[in-house]
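Before any comments, here is the structure.
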Amino acid sequence: MSDKHVAVLMGGFSSERPVSLSSGAACAQALEAEGYRVTRVDVDRNVSGVLSDLRPDVAFNALHGPFGEDGTIQGVLEYLQIPYTHSGVLASALAMDKGQAKHVAKAAGIPVAEARVMSRFDIGNRHPIEPPYVVKPVREGSSFGVVIVKADQSHPPQVLSSDEWRYGNEVMVERYVHGRELTCGVMGDAALGVTEVVPTGNAFYDYDAKYAAGGSTHILPAQISSNVYQKIQSLALKAHQAMGCRGVSRSDFRYDDRVSEDGEVIWLEVNTQPGMTPTSLVPEMAAHAGLSFGDLVRWMVEDASCLR
């Protein structure tokens, strides 16, 4: 039994609000079962005032997307001097900016795919790079706004210049990497297991594949050679450290084994606020390492601090 008061920050106002509510509810319930006093906070623009009144011992950050994982809420918590979970201001902002994160990863010796960051309005009717390629919003999570351009497509996706596009004007155009979707969590200074994610009926691991029941199959441990398995664990830990992440993070990779077993391993991004829902990857990886969901969230609360 702990006398710590934990405020679980959930909901918020990004596109990922439904996922955050689900993550927050699961974490709050598990923390109560671990003996913590828990207050659920559905985050709005008055979160600073709410937290000033609550004065919790720890803020458990279960927010996803802009404001929740881009350094903004982290800055509010630093200002209020409330210890919090996950990464700090700089690492959160850096990891959320796909272009800058790629520069840092490449400088750390992590293999990345060639890419260009540009305005969506500059793409026009000509391919910015040789297809196939992927267009990603620079500062969104959960695969929102990701468009795959196939090799035989004659022109860039029209949605990029339409009024319906709501993911910001800056996009990253990245070489499409064939292969399998692999992901690896990091907890503190240790890599967890490597999971292969196989989308069910979807072309790639999009929002529905991530969060809908039955949207994807998780194979843990991934059925790959021990060399590749250990390489991905090593790269996930290296990315976590290069970005300056704290607590729990998760790195996503593509593994192209069409030519040889060692193949090509490409790091895609690090997620500083991995999902904590019943279908989420990091809780499964922790369980594979012998940690219950309660063990995981308790470790995260005890790891919380300011100046992260």
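For a quick check, take a GNM of the chain with Cα springs below 10 Å and name the residue from Asn169, Asn46, Asn271 with the largest mean-square fluctuation.
It is Asn46.
Might you work out the accessible area of His103 for me, using a 1.4 Å probe with all protein chains in place, and round it to the nearest 10 Å²?
130
Give the cross-link partners of Lys238 among the lysines, using a straight C-alpha distance below 19 Å as the criterion and excluding same-chain residues fewer than 8 apart.
Result set, ordered by chain and number: Lys98, Lys102, Lys106.
Specify the residue with the greatest mean-square fluctuation among Gln81, Gln233, Gln158, computed from a Gaussian network of the chain linking alpha-carbon atoms under 10 Å apart.
Residue with maximal mean-square fluctuation among Gln81, Gln233, Gln158: Gln158.
Taking each pair of distinct Cα atoms in segment 221-308 once, what is the resulting Kirkwood hydrodynamic radius in Å?
Numbers: mean 1/r = 0.0690 Å⁻¹.
It is 14.5 Å.
Could you please state, rounded to a whole Å, how far the C-alpha centre of segment 237-302 is from the C-alpha centre of segment 38-90?
If we compute the Cα centre of each part, the gap is 22 Å.
For Leu54 and Cys306 in one chain, what is 0.36 nm times their gap in residues minus the Cα-Cα distance, to one decimal in nm? Walk me through the numbers before you get to the answer.
Details: separation 252, 0.36 × 252 = 90.72 nm, distance 1.73 nm.
Answer, rounded to one decimal: 89.0 nm.
Calculated from DSSP H runs of 4 or more alone, at -39500 (n - 2.57) each and per residue, what is the 222 nm mean residue ellipticity of the chain, nearest 500? Numbers along the way, then the final one.
Working: 9 runs with 94 residues, N = 308.
Rounded to the nearest 500, the figure is -9000 deg cm²/dmol.
So how strong a dipole does segment 115-157 carry about its Cα centre when Lys and Arg Cβ are +1 and Asp and Glu Cβ are -1, to the nearest 20 debye?
Values: 6 positive and 4 negative charges, 21 e Å.
It comes to approximately 100 debye.
Want the number for Asp295 to Thr39: 0.36 nm per residue separation, take away the alpha-carbon distance, what's left? Before the final figure, lay out the partial values.
On the way: separation 256, 0.36 × 256 = 92.16 nm, distance 1.92 nm.
Contour length minus the Cα-Cα distance gives 90.2 nm.
Report, in order of residue number, the helices in the chain meeting two criteria: a C-alpha extent of 20 Å or more along the helix axis, and a mean Kyte-Doolittle hydropathy of at least -0.5; treat each whole DSSP H run as one helix. All intermediate terms of the calculation are to be shown ahead of the outcome.
Details: long enough: 17-33 (24 Å, 0.44); 226-243 (26 Å, -0.24).
Qualifying helices: 17-33, 226-243.
Give the Cα extents of segment 14-142 along the principal axes, in whole Å, largest first.
56, 30, 27
Would you mind telling me which residue in Leu237, Leu54, Leu31 has the biggest mean-square fluctuation in a Gaussian network model of the chain, where springs connect alpha carbons within a distance under 10 angstrom?
Ranking Leu237, Leu54, Leu31 by mean-square fluctuation puts Leu54 first.
So if I restrict to the alpha-carbon atoms in segment 20-64, what is the Rg, and what is Dmax, the biggest pairwise distance, in Å?
When restricted to Cα atoms, segment 20-64 yields Rg and Dmax of 10.7, 30 Å.
Toward the positive end of the charge dipole of the chain, about the Cα centre and with charges on Cβ (Lys, Arg +1; Asp, Glu -1), which of Ala95, Val38, Ala107 goes farthest?
Toward the positive end, the furthest listed residue is Ala107.
Normalized C-alpha radius of gyration of segment 131-198, against 2.2 N^0.38 Å?
Values: Rg = 15.2 Å, N = 68, 2.2 N^0.38 = 10.9 Å.
Normalised Cα radius of gyration, segment 131-198: 1.39.
Roughly how big is the chain's charge dipole about its Cα centre, with Cβ charges of +1 (Lys, Arg) and -1 (Asp, Glu), in debye to the nearest 20?
So the magnitude is around 340 debye.
What trypsin sites (Lys or Arg not before Pro) in segment 40-119 are in a loop by DSSP, with at most 10 other Cβ atoms within 10 Å of the Cβ? All intermediate terms of the calculation are to be shown ahead of the outcome.
On the way: sites: Arg40, Arg45, Lys98, Lys102, Lys106, Arg116; in loops: Arg45.
Passing sites in segment 40-119 are Arg45.
Given the whole protein assembly as supplied and a 1.4 Å probe, what does the accessible area of Asp42 come to in Å², nearest 10?
Rounded to the nearest 10, that gives 80 Å².
Calculate, axis by axis, the spread of Cα positions in the chain along the three principal axes, and write the results as whole Å, longest axis first.
60, 46, 37
Gly12: net charge of surrounding residues, Cβ under 9 Å, Lys/Arg +1, Asp/Glu -1, itself excluded? Numbers along the way, then the final one.
Numbers: positive: Arg17; negative: Glu16, Asp42, Asp44.
After counting each charged neighbour, the total is -2.
The values are calculated or read from the model by the stated rules, or taken from the named source; none is laboratory data. From a predicted model like this one, the values you see are computed outputs, not experimental measurements. Neighbour counts are summed over all protein chains in view; Cβ atoms, including those assigned to glycine, are modelled from backbone coordinates with ideal geometry. These accessible areas exclude ligands, DNA and RNA; they are computed on the full protein's heavy atoms, side chains included. Shrake-Rupley method; radii C 1.70, N 1.55, O 1.52, S 1.80 Å.
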